[in-house]
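Structure first, commentary second.
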Amino acid sequence: MRRTARTPRTSRKKRSSLANRAIAASAALILGGGGLVAVNVYASAGEGPSGSPPTTRAQNTGRQMSTIDCPDAGNELPDVPEQARPEVDRELAAMDTQITDAYRQFADRKEQISQDPGLAENTVLGPLRNKRTASLDRIGIAIGRVGERPAGIEGLAGCSLRADDSASGNPGGDTGDGGNGDGGQDNGQGQDQGQNQGQGDNQGQGDNQGQGDDQGQGDNQGNGQDPGQGQGQGGQGGNGPEPSDFVDIQSVQPNVQRPRQRRGASRGTFTTDCGRNENGKFNPDNVIVAPGVSNGAHHMHDYIGNQANDAFASDDDLANGATTCRNQGDRSTYYWPVLRLQNGQDEADVNADGGGKDQNVGEIQTPSQVTLKFVGSPVGRVTAMPRFLRIITGDAKAFTNGDANANASWSCTGFEDRQLKDKYPICPEGSQVVRTFAFQNCWDGQNTDSANHRTHVAFAQPNGRCPNGFRAVPQLVQRIVYDVPPGPGFAVDSFPEQLHKPITDHGDFINVFDQRLMKKMVRCINDGRRCR
């Protein structure tokens, strides 16, 4: 069975939206009296459901520029005919590589650029814009061969430089209002899903995506912790994280709320044990987003479950792959960015793609615990997932995209009623760092994937019901625990221009349960039982 998808033409409304974004998609460098001014006026994929501005900074004046900010073309192309998908995916992956290469050029010349802003246009932004224009043109041609070329797509070529606001006098990031800036979870379809997960296996509060993230409590990163491992200079050689990316979990107010279980709710759970990646399966590929492209992620992933997963794995490869799951009927693949200690210790990938070549350095940590639990709906029964359903939760580019698709959730054992979205937690002695991913729990009933890898699935609405046209499926809730030294000395791998920000955390899942085991899961959840 291959991935299936409808092949709609780009709607007039969508063409208009792309065209409007194209009009606003210019990024200019201006010499100002206070230094470099990066004017970033395009509308990025970080726009909220109401069309509010993206959470990237519109203008950064007189501050040290920290990274490159580009529109995420993949998010802007939800309607791509199936026949054009392979070529479009390759071009989107090429555009990611263009950004990482440009970021490297920028990082190598940061001091000179701060003295001579025109250097950025000549050596970084201009060449990058030209390459992106060519890639976007090829994407338009590929789509135009089998459908209607999206209008205004070339306008997504513009990029700008931006500062890391959280590192420049605002240690609370954008959550100083108590939570709903960049740190709030109210993203339309609501990341406060999975939140009906209180049932069993110590998921406790960790199954919530945090409705407020009261991070504004001062972020007293000092705490006597020695940021030692590079934190003072912006973590990994200036690539992050910053001390301001951490907060003492004890200073955060409880912010987890659970949806009310209604009559007819499917209250059961199904837990699958697939290990902790003790065998050390890593690669920087992403077969969902960039099939057939080596190093498509530009950061290293932990893999558990299916052992055939790399950039070139077909559905048949996954169906026949070995699995680390105790129940051999589960050949699903579960993967996420590795977490590293920023302790100056090099891994074998220090000179490799996805590792040191992409600004990901430090000692990779094997989780002390991984729990994979599937839960039900608070308002009704669930139906089986289709085999080879692909789901991505969170956004690897959320630092520049904004939080529309972000779904990071950080906490500490013993404090999981306090969930952080855009901060790493500093846990007290004896407490461990926890990453929780609650995946989308509604499926469109037709497609196992979509062009932007998002629109075929959705989160339930705040009332627990799926959007119109979607049906409830078992929700994967993934809890990953790490025993790391207390203090701000760790970070997740990321695209280099994302600066290892905690908000970029994300998880990937491909369902390769056999039919018998999937039926057992659905029966178990709908009957209110706890099964393994």
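The values are calculated or read from the model by the stated rules, or taken from the named source; none is laboratory data. Computed from a predicted structure; not experimentally measured. Here Cβ is always computed from backbone atoms with ideal geometry, including for glycine, and neighbour counts include all displayed protein chains. When the accessible area is computed, the model is the full protein with side chains, heavy atoms only, and any ligands, DNA or RNA have been set aside. Shrake-Rupley method; radii C 1.70, N 1.55, O 1.52, S 1.80 Å.
Annotations for the structure displayed:
- Check on Cys524, in contact with a strand residue (DSSP E or B) (Cβ under 7 Å, 6 or more places away or on another chain), modelled with pLDDT of 95 or more, open to solvent by 10 Å² or more (accessible area, probe 1.4 Å) and at negative phi: no
- For the stretch 407-430, the condition of being under 19 Å from the mean Cα position of the chain (by Cα), of a type in the set (Asp, Glu) and either at pLDDT below 95 or farther than 30 Å from Glu242 by Cβ (or both) holds for none of the residues.
- Scanning the stretch 438-447 for residues that are touching a strand residue (DSSP E or B) at 6+ places or on another chain (Cβ under 6 Å) and either within 11 Å of Arg471 (Cβ to Cβ) or part of a loop (DSSP other than H, G, I, E, B) (or both) yields a count of 6.
- The set of residues in the stretch 496-505 that are closer than 16 Å to Tyr335 by Cα and either open to solvent by 10 Å² or more (accessible area, probe 1.4 Å) or in contact with a helix residue (DSSP H, G or I) (Cβ under 6 Å, 6 or more places away or on another chain) (or both) contains only Thr504.
- Any pair with Cβ under 8 angstrom, 6 or more apart, that starts in the stretch 227-250 at a residue that is open to solvent by 10 Å² or more (accessible area, probe 1.4 Å) and in a helix (DSSP H, G or I) and ends at one that is at pLDDT 95 or above and among the hydrophobic types (A, V, I, L, M, F, W, C): Gln250/Phe415
- Remark: pairs (first residue in the stretch 132-154, among the basic types (Lys, Arg) and in a loop (DSSP other than H, G, I, E, B); second residue modelled with pLDDT of 95 or more and open to solvent by 60 Å² or more (accessible area, probe 1.4 Å); Cβ separation under 9 Å; 6+ apart in sequence or on different chains) = Arg149/Ile141.
- Residue selection: Cys524 satisfies the criterion of being out of contact with any Pro (no Cβ under 8 Å at 6 or more places or on another chain), in a helix (DSSP H, G or I) and not β-branched (Val, Ile, Thr).
- Among residues of the stretch 437-459 that are at positive phi, those with a Cβ under 8 angstrom from a residue that is open to solvent by less than 20 Å² (accessible area, probe 1.4 Å), sequence gap 6+ or separate chain, pair up as His453/Gly74; His453/Ile288; His453/Arg390; His453/Ile392.
- Between Ala451, Ala491, the distinction of being open to solvent by less than 20 Å² (accessible area, probe 1.4 Å), closer than 30 Å to Val80 by Cα, outside any helix (DSSP H, G or I) and among the aliphatic types (A, V, I, L, M) belongs to Ala451 only.
- Set Arg267, Arg260: member being open to solvent by 60 Å² or more (accessible area, probe 1.4 Å), assigned to a loop (DSSP other than H, G, I, E, B) and at pLDDT 95 or above: Arg267
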